[in-house]
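Engineer: Next up is a structure, given as structure tokens.
The values are calculated or read from the model by the stated rules, or taken from the named source; none is laboratory data. Small disclaimer: the values here were computed from a predicted structure and weren't measured. So basically every Cβ, Gly included, is an ideal-geometry build from the backbone, and we count neighbours across all protein chains shown.
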Amino acid sequence: MATLTDVAAAALRLIADNDAALFSIVARSLAVSAMACLLACLVGLLLGAWLGVARFAGRPVVLALLNTFLAVPSVVVGLVVYLLLSRSGPLGFLGWLFSFKAMVLAQALLVLPVVTALTRQLVDDAEALHGEQLRSLGARPLLRSLLLAWDERYALLTVVIASFGRAISEVGAVMIVGGNIEGFTRVMTTAIALETSKGDLPLALALGLILLAVVLVLNLLLAVLRRWREGQEGMAGTWPAVRSAL
């Protein structure tokens, strides 16, 4: 039986040799998560910014539902997307099941509540600090949400990076809707689960090491952005320019 050192050495050789099968899985995983994160951020940033300043009768219920969606397991999201895209489902005519597009959709739906909730909280906090000033200058809710989101742009970058990390580390949803088909829908997390069950531990460990490296890079970017944001907050604020624009 192979020892841990043997498996680790074989995994490192796969990485050093630029193994085609290994890096094909890595490239596909990065592509799926990047597209899913882009779609989720396009919707979630705008929706979260609007929820941060909007005040309406059912807002507490909407926020409660949003926070509930944060805790939904990825396999449940995968099941819902599967039912939507199955042949008898309402979107079955698209023919997306067990495809790249299905995995992007599943990850986007999984990440969307995260982006929306974090953006809403950031803009809500900014509204508490600067909302009265903007209202006195005649800014309506939509304009306030955009101005406050722009003022929190450095913090929102951390939301984008965190959402990408959430997407790329997910396994349940993409396995359900993608089918884990070799060469087509196999990504890092699903490949790790499959190769471990098959006993191909070097490939599984190599993918795990690359996934850890990606997560490490994301965390380093978050740290850099946090320091950058602190430096920006130490400089002169943007509100004089906002007042002059209004």
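Engineer: Take the residues in region 129-158 that are buried (at least 16 other Cβ atoms within 10 Å of the Cβ), within 22 Å of the chain's Cα centre (by Cα) and charged (D, E, K, R), then tell me which one is nearest to Ala64 (Cα to Cα).
Structural biologist: Glu152
Engineer: Would you check if there is a residue in region 179-187 being buried (at least 18 other Cβ atoms within 10 Å of the Cβ) and in a helix (DSSP H, G or I)?
Structural biologist: There is no residue in region 179-187 that is buried (at least 18 other Cβ atoms within 10 Å of the Cβ) and in a helix (DSSP H, G or I).
Engineer: Mind listing whichever residues of region 8-22 are surrounded by fewer than 16 Cβ atoms within 10 Å (Cβ to Cβ) and either in contact with a Phe, Trp or Tyr (Cβ under 8 Å, 6 or more places away or on another chain) or among the hydrophobic types (A, V, I, L, M, F, W, C) (or both)?
Structural biologist: Within region 8-22, Ala9, Leu12, Ala16, Ala20, Ala21 meet the criteria.
Engineer: Kindly list, by first and then second residue, each pair from a residue in region 146-159 that is in contact (Cβ under 8 Å) with a residue 12 or more places away in the chain to a residue that is not in a helix (DSSP H, G or I), limited to pairs with Cβ atoms under 7 Å and residues at least 6 apart or on different chains.
Structural biologist: Leu147/Ala139; Asp151/Thr238
Yes/no per residue for (1) of a type outside the set (Phe, Trp, Tyr); (2) without any contact (Cβ under 8 Å) to a residue 12 or more places away in the chain; (3) within 30 Å of Arg144 (Cβ to Cβ):
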site	(1), (2), (3)
Arg28	yes, no, no
Leu45	yes, no, yes
Leu70	yes, no, yes
Leu79	yes, no, no
Tyr82	no, no, no
Gly89	yes, yes, no
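Engineer: One residue is enough: does region 160-167 have a residue meeting the conditions exposed (fewer than 14 other Cβ atoms within 10 Å of the Cβ) and under 16 Å from Cys37 (Cα atoms)?
Structural biologist: If we filter region 160-167 for residues that are exposed (fewer than 14 other Cβ atoms within 10 Å of the Cβ), which is where we start, we get none.
No, region 160-167 contains no residue that is exposed (fewer than 14 other Cβ atoms within 10 Å of the Cβ) and under 16 Å from Cys37 (Cα atoms).
Engineer: Please determine, by comparing only the residues of region 79-95 that are at pLDDT below 95 and under 15 Å from Gly179 (Cβ atoms), which one is surrounded by the fewest Cβ atoms within 10 Å (Cβ to Cβ).
Structural biologist: Step by step, filter region 79-95, then rank; the result is Arg87.
Engineer: Follow-up. Just checking, how many residues over region 72-118 are assigned to a loop (DSSP other than H, G, I, E, B) and of a type in the set (A, V, I, L, M, F, W, C)? Working first, answer last.
Structural biologist: Here is the first cut: in region 72-118, the ones assigned to a loop (DSSP other than H, G, I, E, B) are 72-73, 86-91, 95-99.
Narrowing the set further to residues that are of a type in the set (A, V, I, L, M, F, W, C) leaves 72, 91, 96-98.
Going through region 72-118 one residue at a time, the tally reaches 5.
Engineer: Can you tell which of Val104, Val111, Val32 is within 16 Å of Gly165 (Cα to Cα), in contact with a Cys (Cβ under 7 Å, 6 or more places away or on another chain) and touching a residue at least 60 places away in the same chain (Cβ under 8 Å)? Break it down stepwise before answering.
Structural biologist: Details: Val104 fails: in contact with a Cys (Cβ under 7 Å, 6 or more places away or on another chain); Val32 fails: in contact with a Cys (Cβ under 7 Å, 6 or more places away or on another chain).
Answer to the check: Val111.
Engineer: If Ala126 satisfies every condition in (1) surrounded by fewer than 21 Cβ atoms within 10 Å (Cβ to Cβ); (2) among the small types (Gly, Ala, Ser); (3) in contact (Cβ under 8 Å) with a residue 40 or more places away in the chain; (4) closer than 23 Å to Val62 by Cβ but one, which is the exception?
Structural biologist: It is condition (1) that Ala126 fails.
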